[in-house]
Amino acid sequence: MKDFVITCSTPCDMSQYYLRKHKMYYVGFYYYLNDDKFMDDFFTTHTVDEFYNKIKISNVKTSQPDPEQYVALWNRLIEQGNDILHVELSSGLSGAVNSSLIAKSMIEENNKDAKIHIVDSKTGSCGIGTLLDKIYEYKENCKDIDKVYEYAENIKKDINVIFIVESLDQLIKGGRLSKVAGGIGKLLNIVPILHVDNDGKLENIKKSRGLNTAMNDLVDIMSSNYIDGEKVFIANSNCFDNAKLLMNKISEKFSNCNINEDCITNIGALIGCHTGEKCLVVSYLGKGRA
């Protein structure tokens, strides 16, 4: 049986250290500041502070990898004797799944022995990270790529990802929230809580008054389906202290929760372009999605 490797793309919002430690490989999305194009590269080109300062004063847009990026990565890994299990950002949020499928077809046309499985994660940010973590854990005991792929397809529906968006500025600037609605929201200190639904699309599930209330509401939402003992990841956009506060609230609520500061990650540039600063994302394995 051939060995296989796990690949993903940068909106998994896990650290480069995590991916290297677990021998996972990635392709990068892109972001544009005015007319300048940059790869989402785990804040190597721009530090976290530089990035968020720049998007405040720039016209910002993002783009997905092209098929050739996947082909270049996968061909290199296949030449080393590996099959590929790829986990991609939800098709409800991006067209990257289509790019990866095109790349798969391009490779298979020239290499009939290549095996590439693509998982449409139906989630984003550290929700992908949670799925990667569970897949890696399963892979440690099962070396059959087909069985691991089947496991990933079955478990992805139970991966929860919930966003708290404290600052509305980037949502207003990007046109995702009207200036009138955003102005009223800021005046009333409204903090939206969103999740990724079963179709892999963002859905607003609650509007809280203030960050502390939003954190408490998020923990209450978790109570409906969190499986005690499972690992919880928190991604943050330049608000690490808030992430630690939320981590403590989750720890106090769930006595056996598997969470510590190593589970706090950065929201990457791709998602950060849309959320701006002061966003928190929580992901975990639950009984279905909240």
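The values are calculated or read from the model by the stated rules, or taken from the named source; none is laboratory data. Since the model is a prediction, treat every value here as computed from it, not as a measurement. Here Cβ is always computed from backbone atoms with ideal geometry, including for glycine, and neighbour counts include all displayed protein chains.
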Is it the case, given these coordinates, that Q16 is over 17 Å from the mean Cα position of the chain (by Cα), closer than 30 Å to E140 by Cα and of a type in the set (S, T, N, Q)?
no
Please determine whether any residue of the range 202-209 is within 16 Å of the chain's Cα centre (by Cα), loosely packed, with under 15 Cβ neighbours inside 10 Å and in the same structural domain as V165 (by TED's automatic domain parsing).
yes
Go through (1) in contact with a Ser or Thr (Cβ under 7 Å, 6 or more places away or on another chain); (2) among the small types (G, A, S); (3) on the phi > 0 side of the Ramachandran plot and name the single condition A290 misses.
(3)
Can you go through N260, N212 and tell me which one is touching a residue at least 12 places away in the same chain (Cβ under 8 Å) and among the polar types (S, T, N, Q)?
N260
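Select from the range 1-25 the residues that are in contact (Cβ under 8 Å) with a residue 24 or more places away in the chain and among the hydroxyl-bearing types (S, T, Y) and list them in ascending order.
Answer for the range 1-25, where residues must be in contact (Cβ under 8 Å) with a residue 24 or more places away in the chain and among the hydroxyl-bearing types (S, T, Y): T7, S9, T10, S15, Y18, Y25.
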Go through the range 117-213 and tell me which helices (runs of 4 or more DSSP H), entirely inside it, have 1 or more residues that are modelled with pLDDT of 95 or more and over 25 Å from E277 (Cα atoms).
126-139, 145-155
Assuming N154 fulfils every condition listed in (1) farther than 21 Å from F29 by Cβ; (2) touching a residue at least 60 places away in the same chain (Cβ under 8 Å); (3) of a type in the set (S, T, N, Q) apart from one, which condition is it?
(2)
If D241 satisfies all but one of (1) part of a loop (DSSP other than H, G, I, E, B); (2) more than 28 Å from Y30 (Cβ to Cβ); (3) acidic (D, E), what's the number of the condition it fails?
(1)
What single numbered condition from (1) part of a strand (DSSP E or B); (2) aromatic (F, W, Y); (3) over 19 Å from H117 (Cα atoms) fails to hold for Y26?
(3)
Checked the range 55-68 for anything farther than 17 Å from A114 by Cα and touching a residue at least 24 places away in the same chain (Cβ under 8 Å); matches are I55, K56, S58, N59, V60, K61, T62, S63, Q64, P65, D66
Which one of these is part of a helix (DSSP H, G or I), out of contact with any Phe, Trp or Tyr (no Cβ under 8 Å at 6 or more places or on another chain) and either among the small types (G, A, S) or in contact (Cβ under 8 Å) with a residue 12 or more places away in the chain (or both): L270, L218?
L218
Single residue of K287, K253 found to be surrounded by fewer than 21 Cβ atoms within 10 Å (Cβ to Cβ) and without any contact (Cβ under 8 Å) to a residue 60 or more places away in the chain
K253
